[in-house]
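The values are calculated or read from the model by the stated rules, or taken from the named source; none is laboratory data. Please read all numbers here as calculations on a predicted model, not as lab measurements. Note: ideal-geometry Cβ built from the backbone for every residue, glycine included; neighbour counts use all protein chains shown. Just so you know, the surface numbers come from the protein's heavy atoms only, side chains and all, with ligands and any DNA or RNA stripped out. Shrake-Rupley method; radii C 1.70, N 1.55, O 1.52, S 1.80 Å.
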Amino acid sequence: MAVGIGLVALLLLAWTLHRRAQAATGEAVDDEAGYPATATRAWLSVTFRPIRAGLNLLSATSENEIVVTNTGDVTAEDVRVLTRLTSAHTGQEAEIATLYDAPIVRPATPAFTLQPGEQRVLTSIAALPRDAIHTLTAGGRPMFVPIVAVNVTYATAGIDGQFAQAFAIGVERVDSSKLAPFWLDAPPRSFDQVAARPHAVAVER
């Protein structure tokens, strides 16, 4: 037991001397973990809510509300928001990744600035031609699952920031928590009772 206590004492002494050396050199330290503190910057988060979605004779459409919030410590500048509608299919991950990597040339709204703690509520409409829909089949019926990819880019503290997330949209059901798909063999219509589920992992940098 004495050996164990002695070892702990030596470790505590070494840790204390290390902290004093960091303080003497002016290096920033996290008071809880003893790790270098994270540089202050803006961090943007996104809340996504579909307002209505459906099909007409020419296209699938999704009207969406997007809330962008700056949860960081400094201003986010040149904030650009893009929404893109696609449909679930085997190659969608590569398609969405390409979208995230491309610069946002035509944002949903003119670029704006967000102060720390500030948020902006946007409404966007995304459309997809019917002939570009990837058809899936369930119970012998053709259907599709809309995927809305949201990409937000910004500048903060001299670096480029990004938050991107894809969401699957479906029709809300009274008998199940699962969302119903959009049937392609049904008459064209738009639904107000729609909801979204996160689709794939968000990109945050």
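Treat the range 38-106 as a sphere of radius equal to its Kirkwood radius over Cα pairs and apply Stokes-Einstein at 37 °C in a medium of 0.692 mPa s; give the translational diffusion coefficient in µm²/s, rounded to a whole number. List each step's numbers first, then the result.
Numbers: Rh = 14.8 Å.
Answer from the Stokes-Einstein relation: 222 µm²/s.
Considering only protein heavy atoms and a probe of 1.4 Å, how much of the accessible area of the range 49-205 is carbon and sulfur, as a whole percent? Mind dumping the intermediate values first?
Values: 4400 of 8290 Å².
That fraction is 53 percent.
Quick one: accessible surface of LEU85, probe radius 1.4 Å, all protein chains present, in square angstrom to the nearest 10.
10 Å²
Could I have the simple spin-label model distance between HIS89 and VAL201, label points 7 Å from Cα toward Cβ, reported in nm to one decimal?
2.6 nm
Taking the Cα centre of the range 84-205 as origin and charging only Cβ (+1 Lys, Arg; -1 Asp, Glu), how large is the dipole, in debye to the nearest 20?
Details: 10 positive and 11 negative charges, 42 e Å.
The dipole of the range 84-205 has a size of about 200 debye.
For the range 106-205, restrict the atom set to alpha-carbon positions and state the Rg and Dmax in Å.
Gyration radius and largest Cα-Cα distance of the range 106-205: 17.2, 54 Å.
Amide H of GLU118: which non-local residues (sequence gap of 5 or more, or other chain) have their own amide H closer than 5 Å, using H built in the peptide plane?
Placed amide hydrogens put ASN70 under 5 Å from GLU118.
Given points 7 Å out from each Cα along the Cα-Cβ axis, report the THR98 to GLN115 separation in nanometres with one decimal.
4.2 nm
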